[in-house]
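Here the structure comes first, spelled out in structure tokens, and everything after it is commentary.
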Amino acid sequence: MKYRTIFISDTHLGARDCQAELLLDFLRSHHAETIFLVGDIIDGWRLKRGWFWPQQHNDVVQELLAKARDGARIIYIPGNHDEMMRSYLGTHFGGIEVMATATHVTADGRRFLVTHGDQFDSIVVHAKWLAHVGDRAYGLALWLNTWANRLRGLWGGSYWSLSNWAKAQVKQAVNFISEYEKVLASEARRGHFDGVVCGHIHSAAIRRIGALDYVNCGDWMESCTAIGETFDGDLRLIDWAAARSARHATPNAQRDMNSPTIAKARRNRKREVA
């Protein structure tokens, strides 16, 4: 699949919960002239607590470098988990540019502020210790989520996100997300942008907030989402986990439809109609 631009955030390479296999599959299946890495690409917080860097995480980095060598422009905007990269603003790593924020102009002429968004999160800015506590709690939720989905898989249940469900149920979390979105939209409005592309809160979205477009890439620990810009400037939310599940389910569904039992039932229905 070819896009004009792809936006990816919150891959958290170096974290055990990173869906690196899905991310690698996505990168190999999608190509773009420009790729924005919108923060928390590498999880420095988790790596400090214990080194974890399997081959698949390295394969993701190598795939991005390969895309840069093939001519794609890749812009890396650090977030709070990979804040160490903010020491290298303005430099290039294997063709990957590191910037604090960026301006992206879509094919239809709209100007977007591209930022990770952590600088607009009051907890990260004013109580970083609390953000670290929250990160550990989130890690526990992901561990529970993994086991819950393994159990669901025993009877063919589809993927279910515990933390996304919790966000939807807990009023404070919903209010936090809503306030975060409003603050980002206000920042874009002050800069005379038409919209903002961000990450940070692991909640993928494309929506209008007043006269502005709010776009959040989501993450690659749970939702496995990205944003793609078509060549006419349309921004689309790509749910890769759902797309791959549907792709894998299609051959199984076709095989089931061709099973002797279903084939016999179809023949019987035809006789009844006749």
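Go through segment 185-233 residue by residue and tally those that are outside any strand (DSSP E or B) and of a type in the set (Val, Ile, Thr).
The total comes to 2.
Looking at (1) of a type in the set (D, E, K, R); (2) closer than 17 Å to MET85 by Cβ; (3) modelled with pLDDT under 95, which is the one condition that is false for ASP10?
In the conditions (1) of a type in the set (D, E, K, R); (2) closer than 17 Å to MET85 by Cβ; (3) modelled with pLDDT under 95, ASP10 misses (3) alone.
Here is a check on your reading of the model: is ILE238 part of a strand (DSSP E or B), modelled with pLDDT of 95 or more and touching a Lys or Arg at 6+ places or on another chain (Cβ under 9 Å)?
Spelling it out, it is not the case that ILE238 is part of a strand (DSSP E or B), modelled with pLDDT of 95 or more and touching a Lys or Arg at 6+ places or on another chain (Cβ under 9 Å).
Looking at ASP25, is it assigned to a loop (DSSP other than H, G, I, E, B) and charged (D, E, K, R)?
Answer is no for this residue.
Can you run down the residue pairs with Cβ atoms below 8 Å, 6 or more apart or on separate chains, where the first is in segment 174-194 and over 16 Å from ASP118 (Cβ atoms) and the partner is assigned to a helix (DSSP H, G or I) and modelled with pLDDT under 90?
VAL174/LYS167; VAL174/ALA168
Checking the condition touching a residue at least 24 places away in the same chain (Cβ under 8 Å) and touching a Ser or Thr at 6+ places or on another chain (Cβ under 8 Å), which residue from LEU27, LEU47, LEU37 passes?
The unique qualifying residue is LEU37.
Residues of segment 66-85 being surrounded by 14 or more Cβ atoms within 10 Å (Cβ to Cβ) and within 18 Å of ASP10 (Cα to Cα), which ones?
Correct list: ILE74, ILE75, TYR76, ILE77, PRO78, GLY79, ASN80, HIS81, ASP82, GLU83, MET85.
Working carefully through the options ALA107, ALA32, find the one that is part of a loop (DSSP other than H, G, I, E, B), of a type in the set (Gly, Ala, Ser) and touching a residue at least 60 places away in the same chain (Cβ under 8 Å).
Answer to the selection: ALA107.
Looking only at segment 87-125, which residues are surrounded by 14 or more Cβ atoms within 10 Å (Cβ to Cβ) and among the charged types (D, E, K, R)?
Across segment 87-125, the qualifying residues are GLU97, ARG110, ARG111, ASP118, ASP121.
Restricted to segment 173-217, and to residues that are among the acidic types (Asp, Glu) and over 19 Å from GLY79 (Cβ atoms), which residue is surrounded by the fewest Cβ atoms within 10 Å (Cβ to Cβ)?
Per the criteria, the residue is ASP194.
The values are calculated or read from the model by the stated rules, or taken from the named source; none is laboratory data. Note that the structure is predicted; figures quoted are calculated from it, not measured. Don't worry about glycine lacking a Cβ; one is built from the backbone with ideal geometry, like all the others, and counts go over all protein chains shown.
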